[in-house]
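What follows is a single structure, written as structure tokens, with notes after it.
The values are calculated or read from the model by the stated rules, or taken from the named source; none is laboratory data. On a predicted model such as this, the values are computed, not experimentally measured, just so you know. Using ideal geometry, Cβ is built from the backbone for each residue, glycine included, and neighbour counts are taken over all protein chains shown. What goes into the accessible areas is simple: the full protein's heavy atoms, side chains included, and nothing from ligands, DNA or RNA. Shrake-Rupley method; radii C 1.70, N 1.55, O 1.52, S 1.80 Å.
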Amino acid sequence: MWGFRLLRAPPPLLRPPPLAIGDAARRPQAGAMDPGGVGARGLRATEGLHLQLCAVPGADPQRSNELLLLTTPTRGRPGDPAGEQHHVLYFPGDVQNYHEVMTHHPENHQWENWSLENVATILAQRFPNSYIWVIKCSRMHLHKFSCYDNFVKSNMFGAPEHNTDFGAFKHLYTLLVNAFNLSQNGVLSENGNVWNKDSKASNCKSNSPSASSGCQGEKKRACEKSDESAMGSYPPSLNGASFTLIGFSKGCVVLNQLLFELKEAKKDKNIDAFIKSIRRMYWLDGGHSGGSNTWITYPEVLKEFAQTGIIVHTHVTPYQVQDPMRSWIGKEHKKFVQLLEDFGMQVTSRIHFAKEAPSIENHFRVHEVF
């Protein structure tokens with residue numbers, strides 16, 4: 001079942017980002033005001049629409065993910081041919097969930113500022129005139145540990161077991177095709193800015209609520225999946241679009257798995273075209289409970305990655321890279337950056353809050369400063 005529902009906008013962030021942020025190509029000086037982004041003293045409200053897409057299938061019908069799409073009034077509907085569209089794909093970390101879910105959790109409520117909706121808003125300011133797609137993990141162990149089982153083989157707590165043929169690229173590509181299809185075929189109203197919950201084209205019916213997850217936490221409308229594959233019936237408007245991929249914390253395991261699959265994935269012409277449309281990849285303070293492979297350090301994998309011409313950004317904090325109990329993380333991060341530089345890749349690497357004590361709060365705050 002494909003479903004969608006409109007989310008109420010969460011309350012504004014309690015603490016606005018401290019830096020002025022422009023688009024991906026330029027960064028104004030801290031303290032300056034950027035008319036299209038975030039000012040040093042406050043977060044400009046994003047007048048956009050959060051649409052939650054439930055159970056969107058990937059290449060394997062048994063693999064599906066929820067997606068949260070934030071689009072602003074300055075953008076047309078996905079698929080419009082006018083101009084190049086830019087799409088930001090974000091993979092969240094542990095505890096991150098919909099704002100309503102987090103506020104009712106006995107522990108996770110303290111991190112509600114970093115809910116999926118709030119982070120989508122931050123990303124919309126960081127990447128103006130872009131569509132923001134938050135790709136939710138398929139499983140949250142104990143309602144806390146994000147597990148990206150549809151992208152990488154994972155243990156109970158979501159620590160990855162990387163390989164070269166899990167199908168992460170194929171799943172991501174088809175997930176986007178189906179999400180584009182769902183968001184275009186009857187979900188949007190004629191002007192492309194107002195979600196039309198009563199569209200006949202979407203063939204929707206009421207569905208009963210459940211309290212366990214975001215898509216099922218309130219009354220929602222579930223859309224019946226078309227019998228015809230989106231891969232065959234709708235050539236994706238990924239042609240002419242460009243992409244930025246962002247992983248935060250546990251979400252970085254998805255980006256890492258994509259690196260392992262690059263060589264094989266390029267053999268598929270559609271996926272190869274998608275790979276060529278990826279402009280930048282951001283690793284934001286990656287981490288997981290496994291004892292290695294927090295950062296990829298295999299020269300043959302990174303050499304293949306370097307040939308793509310994708311621009312790489314790593315942003316870390318002492319919470320991960322200076323943890324004495326997980327000393328391998330900092331070592332792997334340094335090796336990851338060094339190897340990519342040795343292979344001639346364009347890499348930006350920054351450590352934030354270096355003079356402050358490691359804290360999970362600063363771990364989350366990397367969203368504000370990257």
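Brief remarks follow.
- Inter-residue pairs, beta-carbon under 7 Å, first under 16 Å from SER242 (Cβ atoms) and touching a residue at least 24 places away in the same chain (Cβ under 8 Å) and in segment 105-133, second open to solvent by 10 Å² or more (accessible area, probe 1.4 Å) and among the basic types (Lys, Arg), 6+ apart: ASN129/ARG75; TYR131/ARG75
- The condition of being modelled with pLDDT of 95 or more, touching a helix residue (DSSP H, G or I) at 6+ places or on another chain (Cβ under 7 Å) and either of a type in the set (Lys, Arg) or within 24 Å of ASN150 (Cβ to Cβ) (or both) does not hold for GLY286.
- Looking across segment 275-285, just one residue is part of a loop (DSSP other than H, G, I, E, B) and either free of Cβ contacts under 8 Å to residues at least 24 places away in the same chain or under 17 Å from ILE360 (Cα atoms) (or both), and that is ASP285.
- Residue count for segment 291-312, restricted to those that are outside any helix (DSSP H, G or I), open to solvent by 20 Å² or more (accessible area, probe 1.4 Å) and either touching a residue at least 40 places away in the same chain (Cβ under 8 Å) or within 14 Å of GLY251 (Cα to Cα) (or both): 4
- Looking only at segment 339-356, residues that are assigned to a loop (DSSP other than H, G, I, E, B) and either farther than 24 Å from VAL301 by Cβ or hydrophobic (A, V, I, L, M, F, W, C) (or both) come to 7 in all.
- Residue match in segment 245-253 (condition: in a helix (DSSP H, G or I), within 15 Å of the chain's Cα centre (by Cα) and among the β-branched types (Val, Ile, Thr)): yes
- Look at (1) in contact with a strand residue (DSSP E or B) (Cβ under 6 Å, 6 or more places away or on another chain); (2) surrounded by 22 or more Cβ atoms within 10 Å (Cβ to Cβ); (3) hydroxyl-bearing (Ser, Thr, Tyr) and you find that SER277 fails only one, number (2).
- Matching entry among HIS333, HIS288, HIS363 (being touching a Gly at 6+ places or on another chain (Cβ under 7 Å) and either part of a helix (DSSP H, G or I) or surrounded by 17 or more Cβ atoms within 10 Å (Cβ to Cβ) (or both)): HIS288
- Search result, residues across segment 143-174 that are under 23 Å from TYR98 (Cα atoms) and either at pLDDT below 90 or open to solvent by 20 Å² or more (accessible area, probe 1.4 Å) (or both): HIS143, LYS144, PHE145, ASP149, SER154, MET156, PHE157, GLY158, ALA159
- Here PHE127 does not qualify as of a type in the set (Phe, Trp, Tyr), open to solvent by 30 Å² or more (accessible area, probe 1.4 Å) and touching a strand residue (DSSP E or B) at 6+ places or on another chain (Cβ under 6 Å).
- Going through (1) open to solvent by 40 Å² or more (accessible area, probe 1.4 Å); (2) at pLDDT 90 or above one by one, MET140 falls short only on (1).
- Residue check for GLU368: under 26 Å from ASP149 (Cβ atoms), in a helix (DSSP H, G or I) and touching a residue at least 40 places away in the same chain (Cβ under 8 Å): no
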